[in-house]
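Student: One structure follows; several queries about it will come next.
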């Protein structure tokens, strides 16, 4: 989906992480959702930059836009 997001079964059980780190996308999204400032997130996760946060939000946006097919909706 994005060059900054990595999904590898050998890293964090295949959960999406920021590439080159073990920082879960869900952790960053949870921090943003809880109201943490970007400065707080950068302090807690020094390997994360603004582009990584943007990628996490884009990842979540694409996942939330998921649509089932007609056949799946009927089943």
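Student: Give, in nm to one decimal, the length gained when the segment between residue 57 and residue 29 is fully stretched (0.36 nm per residue of separation minus the Cα-Cα distance).
Tutor: Stretched fully, the residue 57-residue 29 segment lengthens by 9.4 nm.
Student: Per-residue ellipticity at 222 nm for the chain, helices alone: DSSP H runs ≥ 4 residues times -39500 (n - 2.57), over residue total, nearest 500 deg cm²/dmol?
Tutor: For the chain, the value works out to -13500 deg cm²/dmol.
Student: For the residue pair residue 8 and residue 21, what label-to-label distance in nm results when each label sits 7 Å from Cα along the Cα-to-beta-carbon direction?
Tutor: 1.6
Student: Let me ask you something else. Could you rank the peptides 52-60, 36-44 by their average count of other C-beta atoms within 10 Å per residue, with the highest value first?
Tutor: By packing density, highest mean first, the sequence is 52-60, 36-44.
Student: Determine, for each peptide in 24-31, 3-10, the mean count of other beta carbons within 10 angstrom over its residues, then list the peptides with the highest first.
Tutor: Ranked by mean Cβ neighbours within 10 Å, highest first: 24-31, 3-10.
Student: Enter the angle in degrees (range 0 to 90, nearest 10) between the Cα long axis of helix 50-64 and the first principal axis of the Cα atoms of the chain, meaning the one along which they spread out most.
Tutor: Around 20 degrees separate the two axes.
Student: Here is a follow-up. What do you get for Rg/Rh of region 5-74 when both radii come from the Cα atoms and Rh is the Kirkwood radius?
Tutor: Value, to two decimals: 1.07.
Where a number appears in this text, it was derived from the coordinates with a stated rule and is not lab data. From a predicted model like this one, the values you see are computed outputs, not experimental measurements. Cβ atoms come from the backbone with ideal geometry, glycine included; neighbour counts cover every protein chain shown.
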